[in-house]
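Note sheet for the following structure.
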Amino acid sequence: MGELLGLVVVGVVAGVVSTVVSLASVVSYPALLAFGLPPLSANVTNTVALLFTGMGAAAGSRPELAGQTRLVGRLGLVTALGGAAGAALLLATPPHTFETVAPWLIGGASLLLLRPPRPGHVGLGGPDGRALRAALFCVAVYVGYFGAAGGILMFAVLATALDQAPARVNAVKNMVSALANGVAALGFALFGPVRWSAALPLAAGFLVGGWLGPGVARRLPGQSLRIVAAVCGLAVAVKLGVDAYRGG
(Lines give C-alpha, C1' and ligand atoms only; values in the text may rest on other atoms or scores of the structure.)
Protein backbone atom coordinates (compact mmCIF):
# COMPACT_ATOMS: atom_id res chain seq x y z
CA MET A 1 0.00 0.00 0.00
CA GLY A 2 2.86 2.35 0.79
CA GLU A 3 4.38 1.78 -2.66
CA LEU A 4 1.02 2.37 -4.34
CA LEU A 5 0.52 5.67 -2.52
CA GLY A 6 4.11 6.65 -3.26
CA LEU A 7 3.59 6.08 -6.98
CA VAL A 8 0.38 8.14 -6.92
CA VAL A 9 2.24 11.04 -5.27
CA VAL A 10 5.10 10.73 -7.77
CA GLY A 11 2.53 10.79 -10.57
CA VAL A 12 0.88 13.98 -9.28
CA VAL A 13 4.22 15.80 -9.04
CA ALA A 14 5.41 14.51 -12.40
CA GLY A 15 2.07 15.39 -14.03
CA VAL A 16 2.37 19.00 -12.89
CA VAL A 17 6.00 19.14 -14.05
CA SER A 18 5.00 17.61 -17.39
CA THR A 19 2.29 20.12 -18.22
CA VAL A 20 4.33 23.13 -17.08
CA VAL A 21 7.91 22.43 -18.21
CA SER A 22 7.64 19.06 -20.06
CA LEU A 23 10.00 17.14 -17.78
CA ALA A 24 7.78 14.47 -16.20
CA SER A 25 10.27 11.67 -16.79
CA VAL A 26 12.90 13.48 -14.72
CA VAL A 27 10.61 12.77 -11.75
CA SER A 28 8.80 9.55 -12.65
CA TYR A 29 11.47 7.44 -14.39
CA PRO A 30 13.99 7.53 -11.49
CA ALA A 31 11.12 6.80 -9.10
CA LEU A 32 10.20 3.65 -11.04
CA LEU A 33 13.84 2.54 -10.93
CA ALA A 34 13.86 3.17 -7.18
CA PHE A 35 10.78 0.96 -6.83
CA GLY A 36 12.76 -1.89 -8.39
CA LEU A 37 11.76 -1.88 -12.06
CA PRO A 38 14.48 -2.70 -14.61
CA PRO A 39 15.34 0.17 -17.00
CA LEU A 40 13.43 -1.07 -20.07
CA SER A 41 10.33 -1.92 -18.06
CA ALA A 42 10.53 1.44 -16.26
CA ASN A 43 10.76 3.25 -19.60
CA VAL A 44 7.72 1.64 -21.22
CA THR A 45 5.70 1.67 -17.97
CA ASN A 46 6.37 5.40 -17.65
CA THR A 47 5.31 6.03 -21.26
CA VAL A 48 2.04 4.16 -20.80
CA ALA A 49 1.21 6.01 -17.57
CA LEU A 50 2.06 9.37 -19.17
CA LEU A 51 -0.97 8.98 -21.42
CA PHE A 52 -3.11 10.07 -18.48
CA THR A 53 -1.24 13.35 -18.11
CA GLY A 54 -2.68 14.39 -21.47
CA MET A 55 -6.18 13.53 -20.31
CA GLY A 56 -5.79 15.62 -17.19
CA ALA A 57 -4.23 18.48 -19.15
CA ALA A 58 -7.15 18.48 -21.59
CA ALA A 59 -9.56 19.01 -18.70
CA GLY A 60 -7.38 21.65 -17.02
CA SER A 61 -6.59 23.62 -20.20
CA ARG A 62 -10.09 24.32 -21.48
CA PRO A 63 -9.70 28.14 -21.39
CA GLU A 64 -6.42 27.98 -23.35
CA LEU A 65 -7.76 25.40 -25.82
CA ALA A 66 -10.88 27.43 -26.68
CA GLY A 67 -11.04 27.92 -30.44
CA GLN A 68 -8.03 25.65 -31.07
CA THR A 69 -9.78 22.32 -31.69
CA ARG A 70 -9.11 22.27 -35.43
CA LEU A 71 -5.48 23.30 -34.95
CA VAL A 72 -4.91 20.56 -32.36
CA GLY A 73 -6.59 18.04 -34.65
CA ARG A 74 -4.43 18.91 -37.66
CA LEU A 75 -1.17 18.99 -35.75
CA GLY A 76 -2.12 16.03 -33.57
CA LEU A 77 -2.49 13.77 -36.60
CA VAL A 78 1.09 14.59 -37.56
CA THR A 79 2.45 13.94 -34.07
CA ALA A 80 0.46 10.71 -33.72
CA LEU A 81 2.07 9.38 -36.90
CA GLY A 82 5.49 10.45 -35.66
CA GLY A 83 4.94 8.84 -32.27
CA ALA A 84 3.96 5.57 -33.95
CA ALA A 85 7.10 5.64 -36.08
CA GLY A 86 9.28 6.34 -33.05
CA ALA A 87 7.72 3.53 -31.01
CA ALA A 88 8.22 1.09 -33.89
CA LEU A 89 11.89 2.08 -34.07
CA LEU A 90 12.32 1.57 -30.33
CA LEU A 91 10.77 -1.89 -30.41
CA ALA A 92 12.90 -2.89 -33.41
CA THR A 93 16.28 -1.38 -32.51
CA PRO A 94 18.45 -0.74 -29.43
CA PRO A 95 17.40 2.54 -27.73
CA HIS A 96 20.75 4.29 -28.17
CA THR A 97 20.53 6.04 -31.52
CA PHE A 98 19.37 9.40 -30.17
CA GLU A 99 21.47 9.40 -26.98
CA THR A 100 24.39 11.37 -28.43
CA VAL A 101 22.30 13.83 -30.43
CA ALA A 102 19.60 14.41 -27.79
CA PRO A 103 21.64 16.91 -25.69
CA TRP A 104 22.22 19.09 -28.77
CA LEU A 105 18.57 18.97 -29.80
CA ILE A 106 17.33 19.87 -26.34
CA GLY A 107 19.99 22.52 -25.77
CA GLY A 108 19.29 24.16 -29.13
CA ALA A 109 15.55 24.18 -28.52
CA SER A 110 16.05 25.67 -25.07
CA LEU A 111 18.21 28.48 -26.44
CA LEU A 112 15.51 29.13 -29.04
CA LEU A 113 13.01 29.61 -26.23
CA LEU A 114 15.29 32.17 -24.57
CA ARG A 115 15.22 34.35 -27.69
CA PRO A 116 12.78 37.24 -27.14
CA PRO A 117 9.65 36.68 -29.26
CA ARG A 118 8.94 39.19 -32.00
CA PRO A 119 5.34 40.47 -31.85
CA GLY A 120 3.35 39.38 -34.86
CA HIS A 121 6.13 37.10 -36.12
CA VAL A 122 5.07 33.63 -37.28
CA GLY A 123 7.84 31.22 -38.27
CA LEU A 124 7.99 27.76 -39.90
CA GLY A 125 5.34 28.81 -42.41
CA GLY A 126 2.70 29.51 -39.75
CA PRO A 127 0.26 27.01 -38.20
CA ASP A 128 -0.49 25.40 -41.59
CA GLY A 129 3.06 25.38 -42.96
CA ARG A 130 4.76 22.26 -44.26
CA ALA A 131 7.89 23.15 -42.32
CA LEU A 132 5.92 23.13 -39.07
CA ARG A 133 4.37 19.74 -39.82
CA ALA A 134 7.75 18.29 -40.79
CA ALA A 135 9.37 19.62 -37.61
CA LEU A 136 6.56 18.29 -35.43
CA PHE A 137 6.76 14.88 -37.09
CA CYS A 138 10.50 14.66 -36.38
CA VAL A 139 10.01 15.72 -32.76
CA ALA A 140 7.20 13.16 -32.38
CA VAL A 141 9.49 10.41 -33.70
CA TYR A 142 11.96 11.47 -31.01
CA VAL A 143 9.19 11.40 -28.36
CA GLY A 144 8.12 7.89 -29.33
CA TYR A 145 11.69 6.58 -29.51
CA PHE A 146 13.69 8.33 -26.79
CA GLY A 147 11.51 11.02 -25.29
CA ALA A 148 13.74 12.85 -22.79
CA ALA A 149 12.52 16.50 -22.70
CA GLY A 150 10.57 15.88 -25.91
CA GLY A 151 7.90 18.29 -24.73
CA ILE A 152 10.46 21.10 -24.62
CA LEU A 153 11.34 20.40 -28.25
CA MET A 154 7.62 20.42 -29.09
CA PHE A 155 7.07 23.67 -27.20
CA ALA A 156 10.02 25.33 -28.96
CA VAL A 157 8.72 24.34 -32.41
CA LEU A 158 5.19 25.53 -31.67
CA ALA A 159 6.38 28.77 -30.03
CA THR A 160 8.24 29.57 -33.25
CA ALA A 161 5.20 28.91 -35.44
CA LEU A 162 2.24 30.20 -33.38
CA ASP A 163 1.72 33.87 -32.56
CA GLN A 164 -0.02 33.18 -29.25
CA ALA A 165 0.51 33.66 -25.53
CA PRO A 166 2.88 31.07 -24.01
CA ALA A 167 0.09 29.49 -21.94
CA ARG A 168 -1.99 28.84 -25.08
CA VAL A 169 1.03 27.45 -26.93
CA ASN A 170 1.73 25.25 -23.90
CA ALA A 171 -1.83 23.91 -23.98
CA VAL A 172 -1.48 22.96 -27.66
CA LYS A 173 1.88 21.37 -26.87
CA ASN A 174 0.30 19.27 -24.13
CA MET A 175 -2.36 17.97 -26.50
CA VAL A 176 -0.21 17.15 -29.52
CA SER A 177 2.50 15.65 -27.29
CA ALA A 178 -0.14 13.49 -25.63
CA LEU A 179 -1.21 12.15 -29.04
CA ALA A 180 2.39 11.26 -29.93
CA ASN A 181 2.90 9.66 -26.54
CA GLY A 182 -0.48 7.91 -26.65
CA VAL A 183 0.24 6.08 -29.88
CA ALA A 184 3.65 5.02 -28.56
CA ALA A 185 2.02 3.91 -25.29
CA LEU A 186 -0.44 1.72 -27.21
CA GLY A 187 2.43 -0.05 -28.93
CA PHE A 188 4.26 -0.57 -25.65
CA ALA A 189 1.09 -1.80 -23.93
CA LEU A 190 0.67 -4.47 -26.61
CA PHE A 191 4.29 -5.47 -27.16
CA GLY A 192 6.43 -4.05 -24.33
CA PRO A 193 7.22 -5.24 -20.77
CA VAL A 194 4.78 -2.91 -18.98
CA ARG A 195 4.58 -3.39 -15.19
CA TRP A 196 0.86 -2.75 -14.74
CA SER A 197 1.02 -2.85 -10.94
CA ALA A 198 3.15 0.30 -11.16
CA ALA A 199 1.57 1.84 -14.25
CA LEU A 200 -1.95 2.09 -12.80
CA PRO A 201 -1.20 4.08 -9.60
CA LEU A 202 1.30 6.23 -11.49
CA ALA A 203 -1.34 6.92 -14.14
CA ALA A 204 -3.83 7.98 -11.47
CA GLY A 205 -1.32 10.51 -10.17
CA PHE A 206 -0.52 11.71 -13.70
CA LEU A 207 -4.23 12.32 -14.31
CA VAL A 208 -4.49 14.59 -11.26
CA GLY A 209 -1.17 16.31 -11.89
CA GLY A 210 -2.02 16.89 -15.54
CA TRP A 211 -5.25 18.57 -14.47
CA LEU A 212 -3.48 20.81 -11.92
CA GLY A 213 -0.53 21.77 -14.13
CA PRO A 214 -2.29 24.12 -16.58
CA GLY A 215 -3.47 26.22 -13.63
CA VAL A 216 0.15 26.66 -12.56
CA ALA A 217 1.23 27.58 -16.10
CA ARG A 218 -1.67 30.03 -16.36
CA ARG A 219 -0.41 31.95 -13.33
CA LEU A 220 3.18 32.36 -14.52
CA PRO A 221 3.62 36.01 -15.52
CA GLY A 222 4.48 37.14 -19.05
CA GLN A 223 7.16 35.14 -20.82
CA SER A 224 8.31 33.38 -17.64
CA LEU A 225 6.90 30.05 -18.87
CA ARG A 226 9.30 30.16 -21.82
CA ILE A 227 12.22 31.06 -19.53
CA VAL A 228 11.45 28.33 -16.98
CA ALA A 229 11.12 25.71 -19.72
CA ALA A 230 14.36 26.90 -21.35
CA VAL A 231 16.39 26.81 -18.14
CA CYS A 232 15.10 23.35 -17.24
CA GLY A 233 15.80 22.18 -20.79
CA LEU A 234 19.39 23.43 -20.66
CA ALA A 235 19.92 21.62 -17.36
CA VAL A 236 18.61 18.36 -18.86
CA ALA A 237 20.75 18.86 -21.98
CA VAL A 238 23.89 19.20 -19.83
CA LYS A 239 22.98 16.11 -17.79
CA LEU A 240 22.26 14.00 -20.88
CA GLY A 241 25.44 15.29 -22.56
CA VAL A 242 27.58 14.26 -19.57
CA ASP A 243 25.94 10.81 -19.52
CA ALA A 244 26.29 10.31 -23.29
CA TYR A 245 29.86 11.52 -23.74
CA ARG A 246 31.47 10.64 -20.43
CA GLY A 247 32.74 7.34 -21.72
CA GLY A 248 33.77 8.61 -25.14
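The values are calculated or read from the model by the stated rules, or taken from the named source; none is laboratory data. As the structure is a computational prediction, the values presented were derived from the model and not from experiment. Here Cβ is always computed from backbone atoms with ideal geometry, including for glycine, and neighbour counts include all displayed protein chains. Ligands, DNA and RNA are stripped out before the accessible areas are found, and what is left, the full protein with its side chains, is counted by its heavy atoms. Shrake-Rupley method; radii C 1.70, N 1.55, O 1.52, S 1.80 Å.
Sub-6 Å Cβ pairs linking a first residue in region 1-17 that is crowded, with 24+ Cβ neighbours inside 10 Å to a second residue that is at pLDDT below 90 and hydrophobic (A, V, I, L, M, F, W, C), at least 6 apart or interchain, are Val10/Ala31; Ala14/Ala24; Ala14/Val27, ordered by first then second residue. Scanning region 62-90 for residues that are under 17 Å from the mean Cα position of the chain (by Cα), at pLDDT 90 or above and buried (at least 17 other Cβ atoms within 10 Å of the Cβ) turns up Val72, Leu75, Gly76, Val78, Thr79, Ala80, Leu81, Gly82, Gly83, Ala84, Ala85.
Go through the residues of region 171-182 one by one and say whether even a single one is without any contact (Cβ under 8 Å) to a residue 12 or more places away in the chain and out of contact with any Ser or Thr (no Cβ under 8 Å at 6 or more places or on another chain).
Here is the first cut: in region 171-182, the residues without any contact (Cβ under 8 Å) to a residue 12 or more places away in the chain are none.
No, because not a single residue in region 171-182 is without any contact (Cβ under 8 Å) to a residue 12 or more places away in the chain and out of contact with any Ser or Thr (no Cβ under 8 Å at 6 or more places or on another chain).
Residue check: is Gly36 at pLDDT 75 or above, of a type outside the set (A, V, I, L, M), surrounded by fewer than 18 Cβ atoms within 10 Å (Cβ to Cβ) and over 25 Å from Cys232 (Cβ atoms)? Taking the combined requirement at face value, the residue satisfies it. Of the residues contained in region 91-109, none is found to be at pLDDT below 90 and in contact with a Ser or Thr (Cβ under 9 Å, 6 or more places away or on another chain).
Does Ala189 fit the bill of being in contact (Cβ under 8 Å) with a residue 12 or more places away in the chain and either basic (Lys, Arg) or open to solvent by less than 30 Å² (accessible area, probe 1.4 Å) (or both)? Steps first, answer last, please.
Values: in contact (Cβ under 8 Å) with a residue 12 or more places away in the chain: yes; either basic (Lys, Arg) or open to solvent by less than 30 Å² (accessible area, probe 1.4 Å) (or both): no.
So Ala189 does not fit the description; no.
Here the helices (runs of 4 or more DSSP H) wholly within region 16-103 that include at least 1 residues being acidic (Asp, Glu) are 62-65. Highlighted here are the helices (runs of 4 or more DSSP H) found entirely within region 129-243 that include at least 2 residues which are within 17 Å of Asn43 (Cβ to Cβ) and more than 14 Å from the chain's Cα centre (by Cα): 166-191, 196-219. The condition of being on the phi < 0 side of the Ramachandran plot and under 15 Å from the mean Cα position of the chain (by Cα) does not hold for Val101. The set of residues in region 192-236 being open to solvent by less than 10 Å² (accessible area, probe 1.4 Å) and more than 15 Å from Ala14 (Cα to Cα) consists of Leu225, Ala230, Gly233.
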